[in-house]
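The values are calculated or read from the model by the stated rules, or taken from the named source; none is laboratory data. Note that the structure is a prediction, hence the values are computed from the model and not measured. Please note: Cβ atoms are built from the backbone with ideal geometry, for glycine as well, and neighbour counts cover all protein chains shown.
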Amino acid sequence: MLKKFFIICSGSDTDILENCSIGEQNKFAGIGATVFFTAVMAFIACSYALYTVFDNLYAAIGFGFVWGLLIFNLDRFIVSTIKKRDNIIDEIIQASPRLILAVIIAVVISKPLELKIFEKEINQVLLEQKNDLTLANKTQIAQQFTPNVLALEDDAKALQSQINTKETEVNALYDTYISEAEGTAGTQLLGKGPVYKEKREKHDAALAELQQLKADNKAKIASVENQIVQLKTDYDTQVVTSQPIIDGFDGLMARVNALGELPWLPSLFILLLFLAIETSPIFAKLLSPKGEYDYKLEDAETAVKTWVEQKVNERKVLLKTDQTLNNKIYNDIAEEDELYAYKRKKARELMQLQADAFFNHQKNAL
């Protein structure tokens, strides 16, 4: 049962192959097994590749099954259309387009399997890339918020600087009127005289201005600090919101690019392995001598070809004979006087009708 299944997979004519030797049947069963297992590998490769894209097991298996059937049909078609010829050059020319198609199929199948085989190494490369993307993302987002934060911090420093300047001024006025009271500066008279009162009033006015300035500027500084806190909160929110996009940076294209960062030699060996598997049925047919099945298939095909050519030639002869007979018959009829007189009479009647019609038309026009 398994042997018959593999023979069907090889695309050979089962009716002809049943009458061939066991060795011939085993050869085509081996070719069919290669075609079948190549389709199985294509199914696995496509399912894994699509699972990395959709993250849905059932969808990946469904599409992978369809892809495996497509590869199976293509491989079966490629093998079944290669026929043994008496000239090796003709066989190579016949197989060259199929070899190119087989190479393309091998590349398509091997790449997803490479992604699975080197999954751990690819994950490490992706982790490094994600870390770099996270840092770059934070830097880019910071570029949007940092200028505004720095500007607000400068505003807060300017407001605090105004308070500090005013405090320095008030402290200087305080030292001035105290020194005047002690007699160590100014008029150098001990006691609280008119000059002391003047300086005290100036200090008190400046102190009131300082207190008002502190109240106003502290309210402004609090508002600025709230804006800074809000900007930092927005920055953190945007970083957290964009992080899942970076964490999801492990799709098919990202993995293929990550695979390109790894050493190329192991990938090359896997590709060569699938090239060998995919092209082995073609080379098996090219290298094997013309066998019993090939002769019987050629006999069946040439029999149909000869029968079709015979039918076509018979139709050509029949058409040529019929044309010759028709020409001879019409030539004989053309020489009969009776037919000439009849056609002359009808032509005269037709010309009379045309003349009468023209006359009536001209008469109506007048």
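Inspection of the range 56-76 finds a residue satisfying the criterion of being assigned to a loop (DSSP other than H, G, I, E, B) and out of contact with any strand residue (DSSP E or B) (no Cβ under 6 Å at 6 or more places or on another chain).
Okay, residues lined up against (1) modelled with pLDDT of 80 or more; (2) assigned by TED's automatic domain parsing to the domain that holds GLN160; (3) crowded, with 17+ Cβ neighbours inside 10 Å:
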{"site": "ASP204", "(1), (2), (3)": "no, yes, no"}
{"site": "LEU210", "(1), (2), (3)": "no, yes, yes"}
{"site": "GLU225", "(1), (2), (3)": "yes, yes, no"}
{"site": "ILE228", "(1), (2), (3)": "yes, yes, yes"}
{"site": "THR279", "(1), (2), (3)": "no, no, yes"}
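Exactly one residue among LYS116, LYS192, LYS83 is within 30 Å of THR38 (Cα to Cα), assigned to a loop (DSSP other than H, G, I, E, B), touching a helix residue (DSSP H, G or I) at 6+ places or on another chain (Cβ under 8 Å) and modelled with pLDDT under 85, and that residue is LYS83. In the range 98-117, the residues that are over 19 Å from TRP264 (Cα atoms) form Cβ pairs under 8 Å with partners that are of a type in the set (D, E, K, R) and in a helix (DSSP H, G or I), at six or more places apart or across chains, as follows: ALA102/ASP75; ALA102/GLU278; ILE105/ASP75; ILE105/GLU278. Among the conditions (1) under 30 Å from GLY260 (Cβ atoms); (2) at pLDDT 85 or above; (3) surrounded by 12 or more Cβ atoms within 10 Å (Cβ to Cβ); (4) not β-branched (Val, Ile, Thr), ASN148 misses just one, which is (1). Just one of (1) under 27 Å from SER288 (Cα atoms); (2) part of a helix (DSSP H, G or I) fails for LEU50. It is (1).
Residues that are aliphatic (A, V, I, L, M), surrounded by 21 or more Cβ atoms within 10 Å (Cβ to Cβ) and touching a Gly at 6+ places or on another chain (Cβ under 9 Å) within the range 2-31 comprise ILE7, ILE31, listed in sequence order. Here the condition is being touching a residue at least 40 places away in the same chain (Cβ under 8 Å), closer than 30 Å to ILE16 by Cβ and surrounded by 11 or more Cβ atoms within 10 Å (Cβ to Cβ); of GLU292, GLU261, it holds for GLU292 alone.
Please verify whether the range 26-46 includes one or more residues that are more than 21 Å from ALA106 (Cβ to Cβ) and either free of Cβ contacts under 8 Å to residues at least 40 places away in the same chain or of a type in the set (A, V, I, L, M) (or both).
Scanning the range 26-46 turns up at least one residue that is more than 21 Å from ALA106 (Cβ to Cβ) and either free of Cβ contacts under 8 Å to residues at least 40 places away in the same chain or of a type in the set (A, V, I, L, M) (or both).
The single residue among LYS363, LYS305 that is surrounded by 10 or more Cβ atoms within 10 Å (Cβ to Cβ), out of contact with any strand residue (DSSP E or B) (no Cβ under 8 Å at 6 or more places or on another chain) and of a type in the set (Lys, Arg) turns out to be LYS305. Close Cβ contacts (under 6 Å, 6 or more residues apart or on different chains) running from residues in the range 227-248 that are farther than 25 Å from LEU127 by Cβ to residues that are at pLDDT below 85 and among the aromatic types (Phe, Trp, Tyr) comprise LEU231/PHE145.
Quick check, is LEU339 more than 30 Å from GLU24 (Cα to Cα) and surrounded by 10 or more Cβ atoms within 10 Å (Cβ to Cβ)? When the stated conditions are applied, LEU339 passes them. Looking only at residues in the range 47-70 that are modelled with pLDDT under 80 and not hydroxyl-bearing (Ser, Thr, Tyr), the one that is surrounded by the most Cβ atoms within 10 Å (Cβ to Cβ) is ALA49.
Every condition in (1) surrounded by 13 or more Cβ atoms within 10 Å (Cβ to Cβ); (2) at pLDDT 85 or above holds for ASN131 except the one numbered (1). Between ILE104, ILE93, the distinction of being of a type outside the set (D, E, K, R), under 23 Å from LEU273 (Cβ atoms) and either assigned by TED's automatic domain parsing to the domain that holds PHE269 or outside any helix (DSSP H, G or I) (or both) belongs to ILE104 only. Of the helices (runs of 4 or more DSSP H) that lie entirely inside the range 255-366, those containing 1 or more residues that are farther than 30 Å from PHE37 by Cβ and out of contact with any His (no Cβ under 9 Å at 6 or more places or on another chain) span 292-334, 337-365.
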